[in-house]
Every structure is written in structure tokens, then in C-alpha cells.
Amino acid sequence: MIYLDRSALLKSMLAAILFPMTLIGAVALAYWLNQSHSYTPETSAVIATIAAGLWIWIWEFILPYRNAWNKTDSDLTTDTIHLAVTAMMTKFVKPLYMFILMPVVGFLGARYGSDHIWPHHWNLVCQLVLMLVLCEFGRYWFHRLSHNVQWLWRFHAVHHSPNRLYWLNAGRFHPVERLYLQIPELIPFILLNPSETVLMLYLVTNSVHGFFQHANIRTKIGLLNYVFSMTELHRWHHSKVIDQSDKNFGNILIIWDLVFGSFFLPQNKEVGVIGVLNPDYPKDYIGQIIAPFQHRKDKPLDYEQRKHFYLNQAAEHVEKATL
Ligand SMILES: [Zn+2]
């Protein structure tokens, strides 16, 4: 009996500290590799992200939120390809937007000096927090619009299509969505020109937070739920019930959901079924790449079912989805 109590206590402690410990550990690892071992910021970020990803994957088996979500099916191949494409795009999209924004950068540089807009003298953590808050504002609205504008939802549905949540879901994005989803992040970086170290810390925070946000790990982070858009909030965002999934749009922080009234954290309730409404939504990579462009009457797209839901507010739809 004493053993059981200790085990439960240990699990609740881990549920509280695992996320902050992982995020701080990954950011500190990247910083240490960069400063003490002369690795480039990019290499340091990649090593810390991979290490944190593997660490999170192990914890999915030690402290699972739902045992059934640890069962692999064809989604593993699909998500691995998505993650590889997403990672490659992150690398190549920045030069494209730098080129597009070159006139604005030139104007700001001539007027203020290229290094004078950003508070380089601030503590690095404060610089990171400032950049997170700035980038989150645009990400929040892009994401919220993606749930309400039909053609945007067509692309965003790919991210909502898995029927289980696990760490690799973090990379499941349609490449077209990835292209415009990076705009609100890249514009502040290109225009404000923070140091490479701030960019490195931002990339590690973004990737590791994303892995953990989707991880099948039982967390209970208390007041941190009012700072980070973490698992307890983000699971509702992946719910099949539309009234629940059209909430918690925050990428890393939850600040703009709190400000604009889309924060959702019901107490003592577990999320129901995860995924999109369309039972025929493709599970393979190629099928998901094509899906946003298909429009066949015999194969309705997911947005048509969402539209139907909003038009009718069908109560039985909610009941079915929460089974
Ligand atoms: Zn979404």
C-alpha cells in the first residue's frame, strides 16, 4: 500500500515537472553546446532538439496519457515524412522571405541602423520571451483563421487528421500551410534582427515545446497552463468536437487565447475522440498532400462537414464524437 502511494506521488510529481524540466534542459543544452563547445547555433539547436525528442518519446511509455495512443499504425510513416519535409522547409523558407522583405529591411537599417531596433543588451531569456510573445500574436491569428476560413482549413485539416496524439504529430503540416505559417515568425526575426543565439533558443523552444505539446504523456502543470499552450490545453484543440477544437490556438504561449477569449480548460474532464469529422480522410502522406485540392461530391472534404455542423449545431453530432 505504501509502495502504491509512493508510486502515485512520484507520477504526480513527474506530471508536474517533466515538461518544464525538459524545456529548460533542452534550451540549456543548446546554449552549452554553442558556448562551451563552439558548435554553430544551428548544430547546437539540432542536437538539443533530437535529444529532447528521443527523451519525450521514452516518457510516452513510462507516463502515458492514454495507452491506446502508444499503438503505432500507418501514421508513423506519414508523420516521419511530414517531419522531414517540415524540417527542410524551415531551413529554406527563411531566405525566400528575407528576399521578399529586403526593401523593408533596407529602409529600417538606413533609418535606425540594423542593430538598433532589437534590445541586444537585454538578458537572453528576456529577449527570448519578447520574441515568443511577438511571434505568437501572428501565429495565433493565422491559426484561428485556419479554423474559420474554408480554404485555410483544407490545409490545416492535415494537422488535425491523426486519431491519436503522440510527439511526432508536431511535424504533421501540409507544406503549403508550412509556407504561410512561418510568416508571423519570420517577419519579426527578419525585421528586428536579434542575434543568432536568440534564434537558436527560439528554434529549440519551438521544436521541443511542439513535441511535448503533442506527446502522449500525462501532465499536470497547474498554473503553467496559463503560460504555455501545453498538452492539457492542446488535447482539447485536437478534439473531434468542433466546439472544443476551435479553442486554444496558441502555438507555444497561451497568452493571446487568454486575451481574445479562446482559452479552454475544463476541470476534471478528459478529452474524447481525437481527429477530423471526415471518416474517409486519407492517412497516407501523398493522400494528405492531395486532400486540400480535392473536391468531389461523392467524397466530401472535412470542411463541408464542419460547415454543416455550424449551420445545424447538431447535438447528435457532438454526442457521436464524444463516444
Ligand atoms: Zn488547429
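Taking the stretch 164-181 as the search range and keeping residues that are free of Cβ contacts under 8 Å to residues at least 60 places away in the same chain and within 12 Å of the ligand (Cβ to nearest atom), which one is surrounded by the most Cβ atoms within 10 Å (Cβ to Cβ)?
Applying the filter and picking the extreme gives 181.
Any residue that is within 14 Å of the ligand (Cβ to nearest atom), modelled with pLDDT under 95 and under 29 Å from residue 59 (Cα atoms) - is there at least one of those in the stretch 276-297?
Yes, some residue in the stretch 276-297 is within 14 Å of the ligand (Cβ to nearest atom), modelled with pLDDT under 95 and under 29 Å from residue 59 (Cα atoms).
Given the criterion surrounded by 12 or more Cβ atoms within 10 Å (Cβ to Cβ), within 22 Å of the chain's Cα centre (by Cα) and without any contact (Cβ under 8 Å) to a residue 12 or more places away in the chain, identify the matching residue among 22, 43, 49.
Only one candidate qualifies: 43.
Which residue is surrounded by the fewest Cβ atoms within 10 Å (Cβ to Cβ), if the candidates are limited to the stretch 202-230 and must be closer than 21 Å to residue 186 by Cβ and aliphatic (A, V, I, L, M)?
The qualifying residue surrounded by the fewest Cβ atoms within 10 Å (Cβ to Cβ) is 203.
State all residues of the stretch 235-244 that are within 9 Å of the ligand (Cβ to nearest atom) and part of a loop (DSSP other than H, G, I, E, B); if no residue qualifies, say none.
238
Restricting to the stretch 143-163, count the residues that are surrounded by fewer than 20 Cβ atoms within 10 Å (Cβ to Cβ) and either more than 13 Å from the ligand (Cβ to nearest atom) or charged (D, E, K, R) (or both).
Selection size over the stretch 143-163: 4.
So, in the stretch 248-270, exactly how many residues are surrounded by fewer than 22 Cβ atoms within 10 Å (Cβ to Cβ) and within 17 Å of residue 147 (Cβ to Cβ)?
Qualifying residue count, the stretch 248-270: 5.
Tell me, yes or no, whether the stretch 26-37 has at least one residue that is in contact with a strand residue (DSSP E or B) (Cβ under 6 Å, 6 or more places away or on another chain) and among the aromatic types (Phe, Trp, Tyr).
Checking the stretch 26-37: not a single residue is in contact with a strand residue (DSSP E or B) (Cβ under 6 Å, 6 or more places away or on another chain) and among the aromatic types (Phe, Trp, Tyr).
Which members of the stretch 69-102 meet the condition of being modelled with pLDDT under 70 and part of a helix (DSSP H, G or I)?
94, 95, 96, 97, 98, 99, 102
Looking only at the stretch 183-234, count every residue that is at pLDDT 95 or above, small (Gly, Ala, Ser) and not in a helix (DSSP H, G or I) and tell me the total.
Qualifying residue count, the stretch 183-234: 2.
Given the conditions (1) within 17 Å of the chain's Cα centre (by Cα); (2) without any contact (Cβ under 8 Å) to a residue 12 or more places away in the chain, report the number of the one that residue 58 does not fulfil.
(1)
Would you mind stating whether residue 247 is free of Cβ contacts under 8 Å to residues at least 24 places away in the same chain and outside any helix (DSSP H, G or I)?
Answer is yes for this residue.
The values are calculated or read from the model by the stated rules, or taken from the named source; none is laboratory data. Worth saying up front: this structure is predicted, and the values here are computed from it rather than measured. We place every Cβ from the backbone using ideal geometry, glycine too, and count neighbours over all the protein chains shown.
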